[in-house]
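Colleague: My structure is below; once you've seen it, I'll send some questions.
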Amino acid sequence: MKKKGNKLSIFSQLTRSIGGVEEAIVQIPLITILGNESVNIENFLSIIEYGAECIRLKTKQGQIVVCGRNLIAKSMTQEEININGKIDSVEFAK
């Protein structure tokens, strides 16, 4: 009989073998930072706070907080947002 802890390991191996879609299936946030002027965040649930100096997003693992100056959401879908501006930090909060 397999242990419960092995299910995630087997699931991870399976998703990696079919093309690395683990982030999308499990809804793990995928964050791509380009220099200090652009950050793209996939698999977020909702926007908690939106301002020129702080954008706070809700994810299944907690919150992602992007801080900086002149922040703006250049493009956004239900599960992906691209934030541009002078980015000072990207933080995780529970």
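No value in this document is a laboratory result; all are computed from the given coordinates. No experiment lies behind these values; they were computed from the predicted model shown.
Colleague: State, to one decimal in nm², a quarter of the convex hull surface area for the C-alpha atoms of the stretch 29-93, i.e. the direction-averaged projected area.
Modeller: Values: hull surface 14.0 nm².
Orientation-averaged projected area of the Cα hull: 3.5 nm².
Colleague: Return the long-range amide H neighbours of residue 48 (sequence gap of 5 or more, or a different chain), with a cut-off of under 5 Å between placed amide H atoms.
Modeller: Amide H to amide H, under 5 Å and 5 or more residues apart or across chains, residue 48 pairs with 56, 57, 58.
Colleague: If you stretched the chain out fully between residue 50 and residue 30, how much longer would it get, using 0.36 nm times the residue separation minus the C-alpha to C-alpha distance?
Modeller: Net length gain for the segment: 5.3 nm.
Colleague: Just to check I understand the Karplus step: with θ = phi - 60° and J = 6.51 cos²θ - 1.76 cosθ + 1.60, what whole-Hz values come out for the stretch 74-84, glycine and proline as x?
Modeller: 6, 8, 7, 10, 4, 10, 9, 9, 10, 10, 10
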